[in-house]
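One structure is given here, and the rest of the page talks about it.
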Amino acid sequence: MEYRELVRSLVEIVGEDYVSDNPEELYIYARDSGTEGPRRVDCVAMPRTVQEVQGIVLLANERCIPVTPMGANLTLNGLALPNKGGLVLDMKRMDRILELNRMARYVVVEAGVTQGMLGSYLEKNSPDLEHSRPEAPAMATVVGNIMIRGHGYLSLRYGNNAHMTNGMEVVLPTGEICNIGSLSVSPWPFCKGPLPDLTGLFCGWHGTTGIVTKLSLKLFPRRRLLDVVGFICTDLELIPELLRAITHTDMADNVFVIGSALADARGPVQFITISITGDLEEELEYKRAVFRKMAAEFGDGSGTVKFMKDVPDLLKTRFVEKPPFVSPALAADFDKGGGYRYCGAILPTWQIPSGWKKGMDIARRHHKHYFYGIQVLGYGHSVMFGFVYTFNRADRSSVRDTSDAMKETNTMVLELGGIPWKAEASAQSDIVARMDANTLGLITRIRKVLDPNGIMNPGNWEV
Ligand SMILES: Cc1cc2nc3c(=O)[nH]c(=O)nc-3n(C[C@H](O)[C@H](O)[C@H](O)COP(=O)(O)OP(=O)(O)OC[C@H]3O[C@@H](n4cnc5c(N)ncnc54)[C@H](O)[C@@H]3O)c2cc1C
């Protein structure tokens with residue numbers, strides 16, 4: 001009854017076509033493509049304007065109804081699924097690109113703008129600029145990605161994508177509309193300003209501190225030419241030092257390390273792909289020569305690191321794509337209703353060999369196909385180590401095995417001093433359980449102040 005009444009009030013805010021409590025429609029809002037089970041969703045609303053979002057939040061507050069914002073729901077870890085029922089706020093109708101500023105290199109997008117939309121828009125309106133696009137499917141939203149501190153192909157130079165926002169417009173859990181960054185003082189959202197950095201109150205909080213309705217995103221110069229060079233490394237222990245040497249050149253635009261169970265059968269062979277860009281062919285040729293020389297001299301020329309004279313076309317075409325298609329998804333057996341999940345671990349670079357060995361061990365014990373892809377972030381300040389497990393959705397034991405492997409991997413990552421990224425609710429509990437008590441107290445107090453009724457995506461970042 002309570003929800004019937006809520007639906008009527010929501011209709012007054014967003015219109016009849018954009019509210020639903022039909023079980024058929026709620027079905028798709030109740031699950032994602034990972035292994036987290038379905039959740040209870042009581043109704044869904046699709047706002048078009050910030051005022052509509054505000055109206056919904058005020059209503060939800062009045063009735064203490066949980067609100068979970070959803071972009072494309074593509075984290076694979078259930079982060080946009082309600083933990084405690086209530087209302088899903090589907091942001092897809094807020095899909096306008098509001099401003100492009102070529103001089104200060106930023107673009108302002110609404111919360112439903114997808115990576116694909118922004119990519120095509122820039123291609124057409126400013127092909128000399130690009131944004132740090134993740135490898136996620138094109139329908140993933142720019143804002144959803146920043147809310148989980150995701151990363152893209154410019155993250156080697158500039159750190160994770162949350163570093164690339166100039167500010168945002170947010171509807172706070174109590175309904176106030178707030179401008180964060182220079183927009184709070186100036187007509188232009190061109191920087192965070194010499195102000196307290198309040199973007200940190202929203203990035204990484206998984207929608208528990210407010211609903212971002214628009215965001216100013218930094219753009220970067222796009223070079224005309226792109227190529228990929230590759231190394232093969234047969235000594236796992238050399239990888240951290242090798243990555244340090246590669247990033248020291250300041251010539252790599254993106255660096256991935258890839259390994260798989262197949263590689264393990266023949267010994268630990270790692271493929272390292274290095275994206276290079278330039279405006280002149282001579283520039284690329286110079287960079288190729290630098291990396292060729294590095295491979296020849298690395299490890300005292302012992303031959304453990306080899307320059308791939310020709311990166312195979314299959315690999316090359318995938319890496320010259322923007323975003324690259326490294327795709328762990330390739331490891332999934334879709335013919336068998338397959339899916340995949342990954343623990344994206346933010347690790348210190350020196351823990352790569354241990355992560356690799358322990359990850360293999362977990363995979364073997366769970367009879368999992370094992371694949372990993374490591375993306376270097378911010379000049380090697382950290383890496384995102386993706387431990388990927390595939391499963392057959394039609395087979396319950398396969399789904400359960402993957403969930404168990406994920407749990408063990410999360411624990412292993414924490415023991416290595418790393419932090420699982422876009423952690424599912426249970427892994428968030430593991431993280432906060434290890435957190436320094438005063439920091440956890442601070443997080444709890446911030447949430448209490450911002451969201452006194454505890455309506456925003458509850459069940460996240462809680463013990
Ligand atoms: C094949 C594949 C490859 C991937 N590769 C990458 C990659 O290279 N890099 C990467 O970073 N990620 C990657 N991902 C993970 C994920 O898909 C992306 O990070 C994606 O951008 C998340 O966006 P989304 O729209 O799906 O967010 P959602 O899953 O809808 O939301 C993410 C979180 O943000 C919250 N949220 C959403 N919108 C708002 C809002 N407006 N205000 C407040 N909170 C909000 C949600 O409640 C949720 O907690 C990949 C996923 C897949 C399936």
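The values are calculated or read from the model by the stated rules, or taken from the named source; none is laboratory data. Since the structure is predicted, the reported quantities are computational estimates derived from the model, not experimental observations. Cβ sites come from the backbone with ideal geometry, for glycine too, and all protein chains shown count toward neighbours.
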Quickly run through region 2-23 and pick out the residues that are modelled with pLDDT of 95 or more and among the acidic types (Asp, Glu). Glu12, Glu16, Asp17, Asp21
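Among the residues of region 29-40, count how many are out of contact with any Lys or Arg (no Cβ under 7 Å at 6 or more places or on another chain) and within 13 Å of the ligand (Cβ to nearest atom).
Within region 29-40, the first condition is being out of contact with any Lys or Arg (no Cβ under 7 Å at 6 or more places or on another chain), and the residues that meet it are 29, 31-33, 36-37, 39-40.
Checking the rest, the ones that are also within 13 Å of the ligand (Cβ to nearest atom) come to 29, 31-33, 36, 39.
Number of matching residues: 6.
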Looking only at region 16-55, which residues are of a type in the set (Phe, Trp, Tyr), surrounded by fewer than 20 Cβ atoms within 10 Å (Cβ to Cβ) and either within 24 Å of the chain's Cα centre (by Cα) or under 30 Å from Val388 (Cα atoms) (or both)? Tyr27
Which residue pairs have Cβ atoms closer than 8 Å, lie 6 or more positions apart in sequence or on different chains, and pair a first residue in region 225-244 that is in contact (Cβ under 8 Å) with a residue 40 or more places away in the chain with a second residue that is among the acidic types (Asp, Glu)? Leu225/Asp279; Leu225/Glu281; Leu225/Glu283; Leu226/Asp253
For region 107-115, indicate whether the set of residues that are surrounded by 18 or more Cβ atoms within 10 Å (Cβ to Cβ) and at pLDDT below 95 is non-empty. no
List every residue pair whose Cβ atoms lie under 6 Å apart, where the two residues are 6 or more positions apart in sequence or sit on different chains, the first residue falls within region 139-155 and is farther than 17 Å from Leu219 by Cα, and the second residue, located anywhere, is among the charged types (D, E, K, R) and more than 6 Å from the ligand (Cβ to nearest atom). Ile148/Lys422
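Considering only helices (runs of 4 or more DSSP H) fully contained in region 361-463, which possess at least 3 residues that are over 25 Å from Gly150 (Cα atoms) and at pLDDT below 90? Quick ask: steps written out before the conclusion?
On the way: elements: 396-415, 425-434, 437-450.
Hits in region 361-463: 396-415.
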Taking region 62-75 as the search range and keeping residues that are within 12 Å of the ligand (Cβ to nearest atom) and of a type outside the set (A, V, I, L, M), which one is surrounded by the fewest Cβ atoms within 10 Å (Cβ to Cβ)? Pro66
State which residue pairs qualify: first residue β-branched (Val, Ile, Thr) and inside region 373-387, second residue not in a strand (DSSP E or B) in any location, beta carbons under 7 Å apart, and separation of 6 or more residues or different chains. Ile374/Ile352; Val376/Leu156; Val376/Leu243; Val376/Thr247; Val383/Thr349; Val383/Ile352
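Just checking, which of Leu6, Leu59, Leu81 is of a type outside the set (Ser, Thr, Tyr), within 11 Å of the ligand (Cβ to nearest atom) and either more than 22 Å from Gln428 (Cα to Cα) or part of a loop (DSSP other than H, G, I, E, B) (or both)? Full working, then the answer.
Numbers: Leu6 fails: within 11 Å of the ligand (Cβ to nearest atom); Leu59 fails: within 11 Å of the ligand (Cβ to nearest atom).
Testing whether each residue is of a type outside the set (Ser, Thr, Tyr), within 11 Å of the ligand (Cβ to nearest atom) and either more than 22 Å from Gln428 (Cα to Cα) or part of a loop (DSSP other than H, G, I, E, B) (or both) leaves just Leu81.
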Unmet criterion (only one of (1) crowded, with 20+ Cβ neighbours inside 10 Å; (2) touching a residue at least 60 places away in the same chain (Cβ under 8 Å); (3) farther than 15 Å from Asn457 by Cα) for Gly78: (3)
If Ala104 meets every condition in (1) assigned to a loop (DSSP other than H, G, I, E, B); (2) within 15 Å of the ligand (Cβ to nearest atom) apart from one, which number is that one? (2)
Exactly one of these conditions fails for Arg434: (1) in contact (Cβ under 8 Å) with a residue 12 or more places away in the chain; (2) buried (at least 19 other Cβ atoms within 10 Å of the Cβ). Give me its number. (2)
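Sort through Leu26, Leu118 and tell me the only one that's in contact with a Cys (Cβ under 9 Å, 6 or more places away or on another chain), hydrophobic (A, V, I, L, M, F, W, C) and more than 19 Å from His206 (Cα to Cα). Let's see the steps before the verdict.
Values: Leu118 fails: in contact with a Cys (Cβ under 9 Å, 6 or more places away or on another chain).
On inspection, the qualifying residue turns out to be Leu26.
Based on what the data block shows, is Glu24 more than 16 Å from the ligand (Cβ to nearest atom), within 30 Å of Ser398 (Cα to Cα) and of a type outside the set (S, T, N, Q)? Step through it out loud before you land on a result.
Values: more than 16 Å from the ligand (Cβ to nearest atom): yes; within 30 Å of Ser398 (Cα to Cα): yes; of a type outside the set (S, T, N, Q): yes.
Here the answer is yes, as Glu24 does meet what is asked.
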Taking Arg224 as the residue in question, decide whether it is over 30 Å from Thr444 (Cα atoms), touching a Phe, Trp or Tyr at 6+ places or on another chain (Cβ under 6 Å) and surrounded by fewer than 23 Cβ atoms within 10 Å (Cβ to Cβ). no
